[in-house]
Amino acid sequence: MTAVNTEPVLILGGGLMGLAVAHQLARHGRPVEVLSRRRSEAAGFVAAGMLAPHAEGLSGAQLQLGQISLERIPTWVEQIEADSGLSCGLRTCGIVVPFATSEERDVYPTASLGQALDQAELAKEIPGIGPGWQAGLLFPQDGQIDNRRQLMRALEKACVGLGVRFQEGIEVQEVLQDGHGFQGVRIRNAEGELQTLAAQHAVLCGGAWSSQLMPELPVAPVKGQMLSLQGPRDALSRVIFGPGTYLVPREDGLLVVGATSEPDAGFTEGLTPFGQRQLQAGIAALLPEAKQWPPMERWWGFRPCTPDEGPLLGRSSIDGLWLATGHHRNGVLLAAITAELLAACLSEAPLNDSQTSLLDAFRWNRFQPER
Ligand code: GLY
């Protein structure tokens with residue numbers, strides 16, 4: 001039998017990854033403390049919540065990681081719902097990718113994993129779809145989760161119920177290490193006081209801000225602007241994933257519309273007329289009737305992007321400091337497998353072959369030339 005380690009683990013970042021990892025660690029009996037600077041800006045609140053490894057056209061190890069996570073999501077959501085008493089809004093509603101021609105459809109990277117649709121079949125799946133689309137791919141295995149209104153709250157409540165401690169308004173300024181590895185962090189609290197928190201283990205879940213703490217991590221922000229419209233309930237049953245714009249219908253008719261992709265914006269906050277016009281043009285092309293639906297909310301956030309757009313998972317350059325960051329466009333999808341892998345890294349039990357190979361594929365230093 002494996003002994004339970006009772007030393008607290010610090011989670012650096014209170015977004016979706018931070019909460020998901022904290023939740024799994026707490027379920028494994030580990031004391032956990034989440035340090036967060038401003039939870040409201042976490043990408044977990046900003047994303048549209050698509051579960052779309054196939055619709056996003058992923059390939060290679062990223063497709064494999066996404067497919068494994070998609071498989072884990074129902075059980076992961078059941079755990080969160082049981083621990084919190086709240087629904088996460090998971091819907092395996094299928095995602096349709098429309099194309100201007102059937103030739104474009106047939107060369108889509110994941111075409112062989114979806115159902116090919118001709119124009120009539122596409123119109124049946126998406127009543128009211130714009131006239132510019134002649135073909136489509138339906139991925140019935142993909143779906144969505146209501147991250148902004150439900151999942152984040154449910155995870156937070158599940159964590160609190162399992163005894164996870166939260167500290168909000170904490171800026172982690174420095175990672176402390178000695179010859180043996182991670183020793184803790186230097187923080188500034190909301191009242192401006194500097195403090196040292198000693199710990200042997202931490203997980204960096206800093207999203208787009210990760211390289212501010214560890215400059216060797218190749219993570220940069222890619223800004224995304226979004227909006228939501230209130231449509232009639234059941235106007236749309238599938239998610240539509242178009243080029244540059246996607247429409248995600250929630251159960252109550254709210255339509256989440258995403259998203260611009262602005263790598264040059266850095267951390268510039270705010271909406272821009274250009275970005276919002278881009279989204280309007282996407283809505284008009286995909287579902288013209290939705291142009292009449294009233295806008296309910298507009299927001300923006302920062303995706304944490306790495307050079308190959310895949311996450312950084314597992315060991316860092318400092319023993320005892322682990323990584324769960326860089327999930328770019330697929331954080332909601334990948335939260336389940338990320339939490340599982342990080343809980344495995346921090347457990348005393350040996351990793352299995354699949355965990356070892358996934359952690360190797362997503363090691364933080366894979367971009368450095370081999371010596
Ligand atoms: N997963 C969609 C996005 O990042 O916009």
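The values are calculated or read from the model by the stated rules, or taken from the named source; none is laboratory data. What you are looking at is a predicted structure, and each value in this text was computed from that prediction instead of being measured. Virtual Cβ from ideal backbone geometry, glycine too; neighbours counted across all protein chains shown. When the accessible area is computed, the model is the full protein with side chains, heavy atoms only, and any ligands, DNA or RNA have been set aside. Shrake-Rupley method; radii C 1.70, N 1.55, O 1.52, S 1.80 Å.
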**Asked** Considering the stretch 123-151 alone, what residues qualify as being in a helix (DSSP H, G or I) and either buried (at least 21 other Cβ atoms within 10 Å of the Cβ) or of a type outside the set (A, V, I, L, M) (or both)?
**Response** Lys124, Glu125, Asn147, Arg148, Arg149, Gln150, Leu151
**Check on Gln278, open to solvent by 10 Å² or more (accessible area, probe 1.4 Å), more than 21 Å from the chain's Cα centre (by Cα), within 16 Å of the ligand (Cβ to nearest atom) and at pLDDT 95 or above** = yes
**Request:** Kindly list, by first and then second residue, each pair from a residue in the stretch 70-96 that is closer than 18 Å to Glu340 by Cα to a residue that is open to solvent by 60 Å² or more (accessible area, probe 1.4 Å) and among the small types (Gly, Ala, Ser), limited to pairs with Cβ atoms under 7 Å and residues at least 6 apart or on different chains.
**Result:** Glu81/Ser87; Asp83/Gly161
**Asked** Can you name the number of the only condition in (1) open to solvent by less than 30 Å² (accessible area, probe 1.4 Å); (2) among the hydroxyl-bearing types (Ser, Thr, Tyr); (3) touching an Asp or Glu at 6+ places or on another chain (Cβ under 8 Å) that Ser69 fails?
**Response** (3)
**Complete:** Ala290 fails exactly one of (1) within 16 Å of the ligand (Cβ to nearest atom); (2) not in a loop (DSSP other than H, G, I, E, B), namely (1)
**Message:** Of all residues being open to solvent by 10 Å² or more (accessible area, probe 1.4 Å) and more than 13 Å from the ligand (Cβ to nearest atom) in the stretch 300-317, which is nearest to Asp142 (Cα to Cα)? Just the residue, please.
**Reply:** Asp308
**Asked** Of all residues in the stretch 327-355, how many are open to solvent by 50 Å² or more (accessible area, probe 1.4 Å) and within 22 Å of Arg27 (Cβ to Cβ)?
**Response** 6
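Take Val222 and tell me if it is over 30 Å from Val172 (Cβ atoms), in contact with a strand residue (DSSP E or B) (Cβ under 9 Å, 6 or more places away or on another chain) and within 13 Å of the ligand (Cβ to nearest atom). Outline the logic, then answer.
Numbers: over 30 Å from Val172 (Cβ atoms): no; in contact with a strand residue (DSSP E or B) (Cβ under 9 Å, 6 or more places away or on another chain): yes; within 13 Å of the ligand (Cβ to nearest atom): yes.
Judged against the criteria, Val222 is not a match.
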